[in-house]
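Asker: Sharing a structure here in structure tokens format.
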Amino acid sequence: MDELIAKTARQIVALLKKGEVTPGQLIDAALARIEAVDAKLNALPTLCAERARQAAENLGGPNADTDAPGWLAGLPIAVKDLSNVAGVRTTFGSPIFADNIPEQSDITVEMLERRGALVIAKSNTPEFGAGANTFNEVFGATLNPWNLALTCGGSSGGSAVALATGQVWLATGSDLGGSLRTPASFCSVVGLRPSPGRVARTAANPYDTLGVSGPMGRDVRDTGLFLDAMAGRHAGDILSLNAPQTPFLAAADTPRLPNKIAFTPDLGCLPVDPEIADICRRAALRLEAEGVQVEEISPDFSDAGETFQTLRAARFAGNHVDLMRSHPDKFKPEIIWNAEKGLALSAEDIAKAETARGALISRVAEFLGHYDLLLCPAAPVPPFDVTIRYVDRIGDVTFDNYIEWIAITYCITLTACPVLSLPCGFTGSGLPVGLQLVAANGEEARLLSQASAMEALFAVSAGLPIEPPIDPGAGDIPA
């Protein structure tokens, strides 16, 4: 493995700033690594190396934020294929957009490039980001680098795999129901779903607070650096927030264990694989051994599942119904089901769901007034067979739709709280397990500080990047 690939994003940016390595050398190192491993994985199906080289020649121009805390100084990154990158094939995982070349980048990409990021590749995602298994009819499936017969999760699966295997140092993700957190858990990387508005983004509905963009990294400090590069006000996003005066990386570089946390294996009402629950509980007990006060308790999430499903369905109807009518044969059945569910909703249904969400936000805000963090599993099961489209059963509980199995993440989405998926251990068969760390709204800095301390305690993240297995061992890829 190239020594540059093995370094952290922070180390690479420091070398770039000192002139000890050039963006061109990093592009070459990333491309060599991609060529060496990605044929097995399918994480980065679209490369844009020449565009990255051209951007490197214009670093530090009049529009560059060279003084920003998140200045990346020419670091190559991957961008999830749900975000437009000007001049680069952007498919959204949909055959409708298989040949789409946008003329303008999304806001998130625009800000990252202004802060010295070089987009070298697009990372694979399920069709329109729908579902927690990364496969689509344009590029096929992305495989888990810990076991190539298994799913990497989704929908930011390509980003998670590229990070875990050293193809890039940082990668963007987005998260509606768990799309940053599930693949982070399945691949043993860090994914941060920030508070709504923390990262400016292009959105069909400018008032939407369910879907957010966020950073993914191999460890907490790299994720903090990337959040600095992503955060800040943009006139194109009316909900976007100003960047904080103190950089997020500074918070991550100041690790402090929390004083008091709440732990729940299941949010009080959800099915979770017993081995996953046990691994996460043991992680919480390690904190207790370090003097952290730990209580096994949860806010009331009993109505969160129905609330999220209603709001998600309304969102899908608004976002996809026109395209579905124009291209009825080019949508996967899960999206059709979700949009049709939304079309069947009444105004009263949606209003009641919004009211229920408001009540949940208030309950969780009050709850987090008594605890530094709420901890729970980041995925209710370990990575599963990549040929299975989604989990339809956990224990004795059977699910009637493709998204219900990740309720442990989408219930947290409703709270508008920042939440970080942190690697905390491995199953008996060697598969990664992640822990959700939930902080109060707007508390990303404290979340990163406390996550950094826990990361050192759990001592899992230091094992990246990994070499994927030699023998793929995977069956047919789902279409």
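Asker: With θ set to phi - 60°, apply the Karplus curve 6.51 cos²θ - 1.76 cosθ + 1.60 along the stretch 416-423 and write out the HN-Hα couplings as whole Hz, x wherever there is a Gly or Pro.
Answerer: Once θ is set to phi - 60°, the couplings for the stretch 416-423 become 6, 8, x, 9, 10, 8, 10, x Hz.
Asker: Here is a follow-up. When Lys and Arg each count +1 and Asp and Glu each count -1, what net charge do the other residues less than 13 Å away from residue 350, Cβ to Cβ, add up to?
Answerer: Around residue 350, the charge tally is +1.
Asker: Hey, what did the chain get for relative contact order, percent, Cα under 8 Å, at least 6 apart?
Answerer: Once divided by the residue count of the chain, the mean separation gives 18 percent.
Asker: May I ask you to list the aspartates and glutamates whose Cα is less than 14 Å away from that of residue 352, ignoring any residue fewer than eight positions away on the same chain?
Answerer: 303, 306
Asker: Starting from a Cα-only point model with no solvent, please compute log10 I(q)/I(0) by Debye for the stretch 356-407 at q = 0.14, 0.23, 0.30, 0.31 1/Å.
Answerer: Taking Cα atoms of the stretch 356-407 as identical point scatterers yields -0.58, -0.91, -1.16, -1.20.
Asker: Write down the percent of antiparallel bridges among all DSSP beta bridges whose residues are both part of the chain, to the nearest 5.
Answerer: Expressed as a percentage, antiparallel bridges in the chain total about 70.
Asker: Same structure, new question: Compute from the Cα atoms of the stretch 42-170 the Rg and the Dmax, the latter being the longest Cα-Cα distance, and quote both in angstrom.
Answerer: 14.7, 48
Asker: Among 364, 383, 343, whose Cα lies farthest out toward the positive end of the dipole of the stretch 314-388, if unit charges sit on the beta carbon of Lys, Arg (+1) and Asp, Glu (-1)?
Answerer: Projecting each Cα onto the dipole axis, the largest value belongs to 343.
Asker: Still on this structure, please answer the following. Hey, can you grab everything whose amide H is under 5 Å from the amide H of residue 384? Only 5+ residues off in sequence or another chain; H modelled, so Pro and N-termini drop out.
Answerer: Amide H to amide H, under 5 Å and 5 or more residues apart or across chains, residue 384 pairs with 151.
Asker: Then there's this: How much net charge surrounds residue 408 when only the other residues with a Cβ under 10 Å from the Cβ of residue 408 are counted, with Lys and Arg +1 and Asp and Glu -1?
Answerer: 0
Asker: If you find the alpha carbon centre of the stretch 326-362 and of the stretch 391-409, how far apart are they in angstrom?
Answerer: 18 Å
Asker: Using the Kirkwood radius built from alpha carbon pairs, what does the Stokes-Einstein equation give as D for the stretch 321-479 at 20 °C and 1.002 mPa s, in µm² per second?
Answerer: The estimated diffusion coefficient comes to 112 µm²/s.
Asker: Looking at the chain, do any whole DSSP H helices span at least 27 angstrom along their long axis by alpha carbon and average -1.0 or above on Kyte-Doolittle, and which?
Answerer: Both cut-offs are met by 304-326, 347-367.
Asker: Pop the C-beta distance of residue 459 and residue 330 into the FRET formula with R0 = 51 Å and round what comes out to the nearest 0.05.
Answerer: It comes out at approximately 0.65.
Asker: Also: Let me know the charge dipole size of the stretch 92-197 about its Cα centre in debye, to the nearest 20, where only the beta-carbon of Lys, Arg (+1) and Asp, Glu (-1) is charged.
Answerer: So the dipole magnitude of the stretch 92-197 works out to roughly 400 debye.
Asker: A further question on this structure: Provide the descending list of Cα extents for the chain along its principal axes, expressed in whole angstroms.
Answerer: The principal-axis extents, from largest down, are 58, 54, 49 Å.
Asker: Could you give me the ³J(HN,Hα) list for the stretch 237-246, computed from phi with Karplus coefficients 6.51, -1.76, 1.60 and θ = phi - 60°, whole Hz, x at Gly and Pro?
Answerer: Along the stretch 237-246, the couplings run 10, 5, 9, 5, 9, 5, 5, x, 5, 9 Hz.
Asker: Now a separate question. How large is ³J(HN,Hα), in whole Hz, for each residue of the stretch 169-175 in order, when computed from phi with the Karplus curve 6.51 cos²θ - 1.76 cosθ + 1.60 and θ = phi - 60°, using x for Gly and Pro?
Answerer: Per-residue couplings from phi come out as 8, 9, 8, 7, x, 9, 8 Hz.
Asker: For residue 332, give me every one of the lysines with a C-alpha distance below 27 angstrom, ignoring sequence neighbours fewer than eight places off in its own chain.
Answerer: Result set, ordered by chain and number: 40, 80, 122, 341.
Asker: Which cross-chain or sequence-distant (5 or more) residues have an amide H under 5 Å from the amide H of residue 435, H modelled 1.01 Å from N in plane?
Answerer: Distant-sequence amide H within range of residue 435: 378, 422, 424.
Asker: Also, I was wondering about something else. Helix-only estimate, please: 222 nm mean residue ellipticity of the chain, summing -39500 (n - 2.57) across DSSP H runs of length 4 or more and dividing by its residues, to the nearest 500.
Answerer: -11000 deg cm²/dmol
Asker: Classify the stretch 242-344 as rounded, prolate or oblate, taking a ≥ b ≥ c as the square roots of the eigenvalues of its Cα gyration tensor: rounded when a/c is under 1.5, otherwise prolate if a/b is larger than b/c and oblate if not.
Answerer: Prolate.
Asker: Considering the options 326, 285, 305, tell which one lies farthest towards the positive end of the dipole of the stretch 280-338, charges being +1 on Lys and Arg and -1 on Asp and Glu at the Cβ, about the Cα centre.
Answerer: 326
Asker: About the Cα centre of the chain, how large is the charge dipole given +1 on each Lys and Arg Cβ and -1 on each Asp and Glu Cβ? Please answer in debye to the nearest 20.
Answerer: About 780 debye.
Asker: Only Lys, Arg, Asp and Glu count, each charged at its Cβ (+1, +1, -1, -1), so figure out the dipole size of the stretch 315-418 about its Cα centre, rounded to 20 debye.
Answerer: 200 debye
Asker: Continuing with this model, one more query. So which aspartates and glutamates pass the test for residue 260, namely a Cα distance under 14 Å, with those fewer than 8 places away in the same chain ruled out?
Answerer: 288, 290, 295, 296, 372
Asker: Sort out for me the Cα centre separation of the stretch 52-112 from the stretch 309-323, rounded to whole Å.
Answerer: For the stretch 52-112 versus the stretch 309-323, the Cα centre distance is 27 Å.
A short reminder: the numbers here are calculations on the coordinates, not readings from a lab. Source: prediction; values computed, not measured. Cβ: placed from backbone, ideal geometry, glycine included. Neighbour counts: every protein chain shown.
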